[in-house]
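The structure under discussion appears below in the form of structure tokens.
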Amino acid sequence: MKVLLIGGTGIISSACGALAAARGFDLYLLNRGQSSKRPLPNPATLLQADMQNRAAVLSVLAGHTFDVIVQFIAYTPEQIERDLDLFRGRVGQYIFISSASAYQTPPASLPVTESTPLDNPVWAYSRHKIACEEQLWQAYRQEKFPVTVVRPSHTYDATLFPWHGGYTVLHRMRQGQKVIVPGDGSSLWTLTHHQDFAKGLVGLLGNSRAVGDAFHITSDEWLSWNQIYQELAAAAGVQPHLVHIPSSLIAAFDREWGDSLLGDKTHSMIFDNQKIKRLVPDFAATIPFAHGAREIVAWHEAHPAWQQIDPAFSRLQDEIIARYEAAWPKR
């Protein structure tokens, strides 16, 4: 089966490519060939081009058709229109990687299923993903363009901290400084290791029953944000000093950080994965975050160049904490 991954070296796509290659797919990657964090899967054929350069893409696609194309790096309806123009008649199944943040926020009921409405009034990223899906479903209805939609939730690998601020937050923990946990830290969150996600995605490749349908692929492990911070602190061998700050207050200081909280992470999000399990019976998320936290800390310790500390973000944490504690002194 001939499969094209658009991207292929990102957090999610790197694991999917590695598993597809291991399972014997005839694997192609279309990207700029510039990743420095993750190697290309082997075996795979690289078609090197920037998706924003239509002429270059058409040149590397010349003579190719694919059983499956997986689009990891489309975020706007304009990019979907470009894909429809490029891939009509070239593909047996087009898999669009959307986002579980497109689901109703806050959710009216839990667990979230694929029939949960798509409605995120806060985060522009999520609204754009919803618009992308709507455009693809229209193409499916009107011309039978063979779309499958996949909605990852918070999917990580060893390079990615689950909080805003990246390595800076771990550095603050190691320095004995206070770190912000949005809200009271009790909301539940789902973190999925990218190797677990890959099992579900690769099981959909070339699966005719998946065409015209949508699936989310997540872990069945639910952790509070307090537990997430504590797991990473434990992996680093430190005792964290956590300060709980309302997400709405964080948003008043930093709009980007606040939107990612109010439009996604503030609310408990747990998922019913029965649909993907029915179609891909061997899908099971088996890597707990306790293991993933150790991977994250170990990877950063082994890669000093990626131990990047953001002084401005650290100062922002100090400012928010100081203002909050001055207004709400401990009683």
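The values are calculated or read from the model by the stated rules, or taken from the named source; none is laboratory data. All figures in this text were calculated on a predicted structure; none of them were measured in a lab. Glycine also receives a Cβ, built like all others from the backbone with ideal geometry; neighbour counts cover every protein chain displayed.
I'd like to know if segment 198-220 contains one or more residues that are touching a Gly at 6+ places or on another chain (Cβ under 7 Å), in a helix (DSSP H, G or I) and over 26 Å from Arg38 (Cα atoms).
Within segment 198-220 (the criterion being touching a Gly at 6+ places or on another chain (Cβ under 7 Å), in a helix (DSSP H, G or I) and over 26 Å from Arg38 (Cα atoms)), the answer is no, since none of the residues qualifies.
Only one residue in Leu19, Leu40, Leu86, Leu61 is touching a residue at least 24 places away in the same chain (Cβ under 8 Å) and within 20 Å of Val211 (Cα to Cα), so which one is that?
None of the other options fit; the residue is Leu86.
Scan segment 43-58 for residues that are in a helix (DSSP H, G or I), in contact with a Leu (Cβ under 9 Å, 6 or more places away or on another chain) and loosely packed, with under 14 Cβ neighbours inside 10 Å and report the count.
Here the count works out to 2.
Here is a yes/no grid of residues against (1) surrounded by 22 or more Cβ atoms within 10 Å (Cβ to Cβ); (2) within 30 Å of Gln93 (Cβ to Cβ); (3) modelled with pLDDT of 95 or more:
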position: Pro162; (1), (2), (3): no, no, yes
position: Leu170; (1), (2), (3): yes, no, yes
position: Thr190; (1), (2), (3): yes, yes, yes
position: His193; (1), (2), (3): yes, yes, yes
position: Trp222; (1), (2), (3): no, no, yes
position: Trp225; (1), (2), (3): yes, no, yes
position: Ala234; (1), (2), (3): no, no, yes
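Name the residue, out of Thr148, Thr116, Thr159, that is within 18 Å of His216 (Cα to Cα), of a type outside the set (D, E, K, R) and in contact with a helix residue (DSSP H, G or I) (Cβ under 9 Å, 6 or more places away or on another chain).
Answer to the selection: Thr148.
What pairs come out if I take residues in segment 306-331 that are at positive phi and pair them with residues that are surrounded by fewer than 10 Cβ atoms within 10 Å (Cβ to Cβ) whose C-beta lies under 7 Å away, six or more apart or interchain?
Going by the 7 Å Cβ cut-off, there are no qualifying pairs.
If you take just the helices (runs of 4 or more DSSP H) that sit entirely in segment 253-331, which of them hold at least 2 residues that are surrounded by fewer than 15 Cβ atoms within 10 Å (Cβ to Cβ) and at pLDDT 95 or above?
Filter on segment 253-331 gives 274-279, 289-302, 311-327.
Given (1) among the hydrophobic types (A, V, I, L, M, F, W, C); (2) modelled with pLDDT of 95 or more; (3) not in a helix (DSSP H, G or I), where does Leu40 come up short, assuming only one miss?
That leaves (2) as the condition not met.
Answer yes if at least one residue in segment 74-81 is in the same structural domain as Leu27 (by TED's automatic domain parsing), at positive phi, loosely packed, with under 14 Cβ neighbours inside 10 Å and over 20 Å from the mean Cα position of the chain (by Cα), and no otherwise.
Checking segment 74-81: not a single residue is in the same structural domain as Leu27 (by TED's automatic domain parsing), at positive phi, loosely packed, with under 14 Cβ neighbours inside 10 Å and over 20 Å from the mean Cα position of the chain (by Cα).
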